[in-house]
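The values are calculated or read from the model by the stated rules, or taken from the named source; none is laboratory data. Quick caveat, the model's predicted, so the values are computed rather than measured. Cβ placement follows ideal geometry from the backbone for every residue including glycine, while neighbour counts extend to all protein chains displayed.
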Amino acid sequence: MNKNENIELICMKLQSLTKLNFQINLGNILKEFYEYKGLTYEMPSAGGGDDKNDGWVVEQRKFYQVYAPAQIRSSFAKEIRNKFVEDLSGLLEKISEGKWNGDIDHFIFITNTFDDHLPKDPDRFFEKAVLELQEKTGYKFEYQVTNLQYIKRLLHEVDDRNILAIMRSSINLTMDIPTGTITDWNMYDFLTNLGNKIMTLTYEDNKSNNYVRISNPMKISINKLDDKKAEINRIIDNLYVVENAVSMLNQNIDTSDLFDKITKYVINLYKHLSKDYRGSKLLDEIYKGISKLSSHNLWVEVPAKYLVIYIFDHCDIFEKEVKKNVNA
């Protein structure tokens, strides 16, 4: 598994978490990251009262506070603002009392926006709130309101694959393909967004793990994909998430023809790329071609693989049998 895949899987797992689970697992990632950087990251006990400090980098006087609601509501923007002011003012009060070495240089407020962007801030609310608190307390510090894109940027600084593996283990992410974090609904969302994107390019909790394999297992070897055999078979075992997502698409009159367009696009992409590539390289290029179309840049790689293998299993791309020698 390469660096980008590791980062995508870690962020996708974090994206699926809420409340205390998000805080603890995000803290585990930050702890491993700063240890890799030779710095000290401390996490106060989440159960015993954290004094408005979800974790801090001692040497940098950098404090983290996280917010991960169970669901995104229409009041989400207001909730973020209220939580930001409450947490920052509370933290500054504790620091003024001498806690956490009595000083601050950075305040990072991370919220889980799932697969959405941060709410807009046209009136510069956070900037005004920080300036007001700085004037009130006398502390001068930098601040940032962000989401998991921040973590993704940090992880790109990690060049040691073993450290990324340790990070994955620290959040109980040991499988190459974390099927538990892919659901019918986010696969449906992925397909809907992908289908809409394809149409603009003018190209022609009901889980039931009962997907029946269609392709012959030999299709993998026939197409020289043996080095990806384990991953392909693991995905095929969980293709019910694609099947359920397709069923949801077909039940909606506005999206009923979307998957046909998606399938045609993938087939056309395969035909185009197969002129220059073969085997595993061809499969990887198809994955990349699909991933580039999606705006879901945190978790697109894994569902893109599910989509392509679903079409692969339906014998719509790659050879399904050994070609006979007509001259024999």
Whichever residue in region 52-76 is of a type outside the set (Val, Ile, Thr) and exposed (fewer than 14 other Cβ atoms within 10 Å of the Cβ) and, among such residues, is modelled with the lowest pLDDT:
GLN71
When you scan region 260-284, how many residues do you find that are of a type in the set (Lys, Arg) and assigned to a helix (DSSP H, G or I)?
4
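Select from region 98-120 the residues that are among the acidic types (Asp, Glu) and at pLDDT 95 or above and list them in ascending order.
Across region 98-120, the qualifying residues are ASP103, ASP105.
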Is one or more of the residues making up region 77-85 assigned by TED's automatic domain parsing to the domain that holds LEU9, at pLDDT below 95, among the aromatic types (Phe, Trp, Tyr) and crowded, with 18+ Cβ neighbours inside 10 Å?
no
Quick check: anything in region 107-122 among the charged types (D, E, K, R), closer than 30 Å to ALA165 by Cβ and over 24 Å from the mean Cα position of the chain (by Cα)?
no
Hey, GLU142 hits all of (1) surrounded by 12 or more Cβ atoms within 10 Å (Cβ to Cβ); (2) modelled with pLDDT of 85 or more; (3) charged (D, E, K, R) but one; which does it fall short on?
(1)
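For (1) more than 17 Å from THR111 (Cβ to Cβ); (2) not in a helix (DSSP H, G or I), each residue gets a yes or a no:
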| site | (1), (2) |
| --- | --- |
| GLU8 | yes, no |
| LYS31 | yes, no |
| LEU39 | yes, yes |
| ASP51 | yes, yes |
| GLU59 | yes, yes |
| PHE63 | no, yes |
| GLU79 | no, no |
| VAL85 | no, no |
| LEU88 | no, no |
I'd like to verify a number: residues in region 100-111 that are loosely packed, with under 14 Cβ neighbours inside 10 Å and either part of a helix (DSSP H, G or I) or touching a Gly at 6+ places or on another chain (Cβ under 8 Å) (or both), how many?
2
Condition test on ASN21, is it at pLDDT below 95, closer than 14 Å to ILE166 by Cβ, out of contact with any strand residue (DSSP E or B) (no Cβ under 8 Å at 6 or more places or on another chain) and assigned by TED's automatic domain parsing to the domain that holds ASN82?
no
Checked region 285-300 for anything part of a helix (DSSP H, G or I) and modelled with pLDDT under 75; matches are none
Might you check whether a residue that is within 20 Å of the chain's Cα centre (by Cα), surrounded by fewer than 21 Cβ atoms within 10 Å (Cβ to Cβ) and over 30 Å from ASP284 (Cβ atoms) occurs anywhere in region 31-43?
yes
Can you name the helices (runs of 4 or more DSSP H) wholly within region 190-259 that have at least 3 residues being at pLDDT below 85?
240-251
